[in-house]
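Engineer: Could you have a look at this structure, given as structure tokens, before my questions?
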Amino acid sequence: MSVAAQIGDVSFAHPGADLPSLDRVSLTVSQGESVALLGASGAGKTTLLTLLDGRLRDWRGRVSVLGMPLDPDNAPPRARRADTGFVFQEFALVERSTVLRNVLNGRLGRMPSLRAFVGSPSSLDLEAARIALVDCGIADLAERRVDSLSGGQRQRVAIARCLAQEPRLILADEPVSSLDPARAAEILALLTEAARARGATVLFSSHQPDLARRFSDRIVGMKGGRIVFDGGVADLGDAATSDLYRETVTVPGIDLRAVN
Ligand SMILES: Nc1ncnc2c1ncn2[C@@H]1O[C@H](COP(=O)(O)OP(=O)(O)OP(=O)(O)O)[C@@H](O)[C@H]1O
Ligand SMILES: [Mg+2]
């Protein structure tokens, strides 16, 4: 099976931070896998997803995404970025634009520069947007302005924008954290099924272990910037889950994570 993303011994500290946000992290994700990232607040989930999205600078180690190495000093070129889609926790939509316009924004990385500049989509772009809208169950909302939608509907728009991009790797940072339990399950089902149908790989972070178990093939648990669990859904028992959320005490100048 081909490899979608490979992280080898990566360490990273945010500028000015005492402790690393990623601490000697190694992880290999196969193409087509659905992986849930679990861990307490501050564990490093967003940092890991941002690394794979090519938006982190000054890390140490080796990273390759979809067969190409990432450069710690430079953002990937535009043509490569289109193969990785990111669903943001806070949706990151253009509030005053229509649903269709937002979904078409997912195509920008695939349009030739001039077409993207003037914002005129091709019939291929429109078709990709139409399929994404239908798959996300929001075709009837295409002409609605985003600022008139509910949180659950907005998250469908954000996922449709990502699918319209036709990425081979989908990174989603807490994609259901602001939704009620029923909506959260619906959206995760939608995201993971759409990815599976397209043969795309998904990595999503979550604070909901039960949902993570239901909608992933594999769980990666993080604590204090390290990967402390990596296994199949059936291998993550209740004890291991609560251990992920056990308090990590920090005292200035002393790294207590080693004893946690
Ligand atoms: N911009 C930043 N500047 C400095 N430190 C940061 C920055 N962003 C994150 N950090 C620190 O990096 C560590 C990892 O943060 P990260 O956001 O990756 O955690 P997370 O697992 O996504 O947490 P949450 O579940 O709350 O989203 C934390 O200690 C956090 O305080
Ligand atoms: Mg986060």
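The values are calculated or read from the model by the stated rules, or taken from the named source; none is laboratory data. Predicted model, so just to flag it, every value in this text is computed and none were measured. All Cβ positions, even for glycine, are placed from backbone atoms using ideal geometry, and neighbour counts span all protein chains on display. Side chains included, ligands, DNA and RNA excluded: accessible areas come from the protein's heavy atoms. Shrake-Rupley method; radii C 1.70, N 1.55, O 1.52, S 1.80 Å.
Engineer: What is the residue count in region 218-250 for residues that are more than 15 Å from ligand 1 (Cβ to nearest atom), open to solvent by less than 70 Å² (accessible area, probe 1.4 Å) and under 18 Å from the mean Cα position of the chain (by Cα)?
Structural biologist: Result for region 218-250: 1.
Engineer: Moving on. Tell me, please, whether a residue that is at pLDDT below 95, open to solvent by less than 30 Å² (accessible area, probe 1.4 Å), touching a strand residue (DSSP E or B) at 6+ places or on another chain (Cβ under 9 Å) and of a type in the set (A, V, I, L, M) can be found in region 8-31.
Structural biologist: no
Engineer: What residue, among those in region 82-126 that are at pLDDT 85 or above and of a type in the set (D, E, K, R), is most open to solvent (accessible area, probe 1.4 Å)?
Structural biologist: Across region 82-126, the extreme among qualifying residues is R96.
Here is a yes/no grid of residues against (1) within 13 Å of ligand 1 (Cβ to nearest atom); (2) under 19 Å from the mean Cα position of the chain (by Cα); (3) open to solvent by 10 Å² or more (accessible area, probe 1.4 Å); (4) modelled with pLDDT under 95:
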| site | (1), (2), (3), (4) |
| --- | --- |
| S2 | no, no, yes, yes |
| E33 | no, yes, yes, no |
| A43 | yes, yes, no, no |
| T50 | yes, yes, yes, no |
| R60 | no, no, yes, no |
| P76 | no, yes, yes, yes |
| R80 | no, yes, yes, yes |
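Engineer: Turning to a different aspect of this structure: Is it true that L56 is over 13 Å from the mean Cα position of the chain (by Cα) and within 14 Å of ligand 2 (Cβ to nearest atom)? Working first, answer last.
Structural biologist: Numbers: over 13 Å from the mean Cα position of the chain (by Cα): yes; within 14 Å of ligand 2 (Cβ to nearest atom): yes.
Yes, satisfied.
Engineer: To continue, here is another question. Look through A195, A200 and report the one residue that is open to solvent by less than 10 Å² (accessible area, probe 1.4 Å), away from ligand 2 (no atom under 16 Å from the Cβ), in contact (Cβ under 8 Å) with a residue 24 or more places away in the chain and in contact with a Ser or Thr (Cβ under 9 Å, 6 or more places away or on another chain). Even if it seems obvious, please write down each step before you answer.
Structural biologist: On the way: A200 fails: in contact with a Ser or Thr (Cβ under 9 Å, 6 or more places away or on another chain).
After ruling out the rest, the residue left standing is A195.
Engineer: Out of (1) free of Cβ contacts under 8 Å to residues at least 24 places away in the same chain; (2) more than 30 Å from Y245 (Cα to Cα), the odd one out for L93 is which?
Structural biologist: Here L93 meets the rest and fails (1).
Engineer: Moving to a separate point now. Scan region 161-178 residue by residue and report those that are within 16 Å of ligand 1 (Cβ to nearest atom) and in a loop (DSSP other than H, G, I, E, B). Break it down into steps so the answer makes sense when it comes.
Structural biologist: Of region 161-178, the ones within 16 Å of ligand 1 (Cβ to nearest atom) are 171-178.
Matches in region 161-178: D173, E174, P175, V176, S177, S178.
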